[in-house]
Structures are given as structure tokens and as C-alpha cells.
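Single-structure report; data block below.
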Amino acid sequence: IDVEAFQGGIDEAGMRAIRDRHKITAENVVLYVGLLSERKGIDDLITAAAELDPNSTHLLIVGDGPQRAELDALATDIDTPTTFIGNIPNDKLPNYYAMSTVFVLPTRNEPWGLVQNEALACGTPVVTTTASGAVGDLIFDGENGLVVSPNAPGELRAAIIDLLDNPDKREYLVKKGIERSK
């Protein structure tokens, strides 16, 4: 990815506009960007989000795909506010990443996952699974992201909570993530 373009696409007004447009009032935003399909593990993310504090956390899902209706139905059963946005142009993504507290790619099978590069470039800590090809080349557990097992909503939830509850850890991962993305 063009790291400078992603970093240059971030602006405060754009981030506020996203919050306003999607009625996001929660302090913390957990973001997913990508195809809505079974192999991406978004159902695990929604299951994990069900046990996050609904007063301080909002789940934001950007993308579309064959699993959209199923995931939307699953999200209606949880208290954590969840917004499905659909596809957005790449030039709009930097503000979505930058306004989020954590980016999650809960994949069950991912050759790489460029969204992880994008999130790191925008200063957003990443939680992903060992099924991501970027693990070990781009994402290093505890150094610039957190890595959990695929198909493990409990581990996913624990990693998300760890980042939401530890701003110093987030800051460390952000710093290392930006360095690695370059």
C-alpha cells in the first residue's frame, strides 16, 4: 500500500463526520474492513463483541459480501451497537481506520490481508489470527499487534478488551505498527 497516501488521508473533520453520520457515540470503536464471507470469521467478531461493554464500545463493519444478511441478523442479537456500512472508496478508508480504537481481522483463512497494512499505516492497532499470512512477516504478536487462534471468539474478545483497557499498550503497538508499515 501507499503508506503516505493513507496517512495523508486522515483528517479530524473526516473522522468526526463518520461518527456523526453513523451515530457513533461510544468512546471505543472496533473496526472490521473487508469481504463479508465465512472465511473472514466476522461471526466470531460479532460473538466476541457481544460481551464488550455496550456503553463504551461500537462495532463498525465496512464491506459487503455473501454473508451480509446472516451477519446482520447475528448482530441484532447483541447489545453492543453494531453498524454495517457496506463498501466505501479506498480514499475514504484512512479516516475509518484512524477514528477506530482497534482493527480486527478475525480470519479463518487469509493469504495476506492488506487491510492490516492499511490499519497499521493509519495508526490503528491490529488484532488478527494465526490464519493470516501476514503474521510473522508484518504482524508480530505483542510487538505491533495481537495474534489469536482462528475460530476462537473468547481469545478474540480477550485481545480486544486487552487493547481497549490498556492505552499504554495500544500506544506502543501503534508506534511499532507505523514503523513496520513503512
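Please find, within segment 88-113, the residue that is farthest from L59 (Cα to Cα) out of those that are hydrophobic (A, V, I, L, M, F, W, C) and without any contact (Cβ under 8 Å) to a residue 40 or more places away in the chain. Taking the candidates together, the pick is W112. Each residue in segment 114-125 was checked for being open to solvent by less than 10 Å² (accessible area, probe 1.4 Å) and either part of a loop (DSSP other than H, G, I, E, B) or charged (D, E, K, R) (or both), and 2 pass. Looking at (1) of a type outside the set (F, W, Y); (2) outside any helix (DSSP H, G or I); (3) open to solvent by less than 20 Å² (accessible area, probe 1.4 Å), can you tell me which one L71 breaks? It is condition (2) that L71 fails. With respect to R157, is the statement that it is open to solvent by 10 Å² or more (accessible area, probe 1.4 Å), part of a loop (DSSP other than H, G, I, E, B) and at pLDDT 95 or above true? Taking the combined requirement at face value, the residue does not satisfy it. Set side by side, the residues T83, T128 differ, and just one is part of a strand (DSSP E or B) and open to solvent by 20 Å² or more (accessible area, probe 1.4 Å), which is T83. Looking across segment 86-111, just one residue is open to solvent by 60 Å² or more (accessible area, probe 1.4 Å) and basic (K, R), and that is K92.
The values are calculated or read from the model by the stated rules, or taken from the named source; none is laboratory data. Remember, predicted model here, so these are calculated numbers, not experimental data. Note: ideal-geometry Cβ built from the backbone for every residue, glycine included; neighbour counts use all protein chains shown. Areas reflect the complete protein model, heavy atoms only, side chains present, ligands, DNA and RNA absent. Shrake-Rupley method; radii C 1.70, N 1.55, O 1.52, S 1.80 Å.
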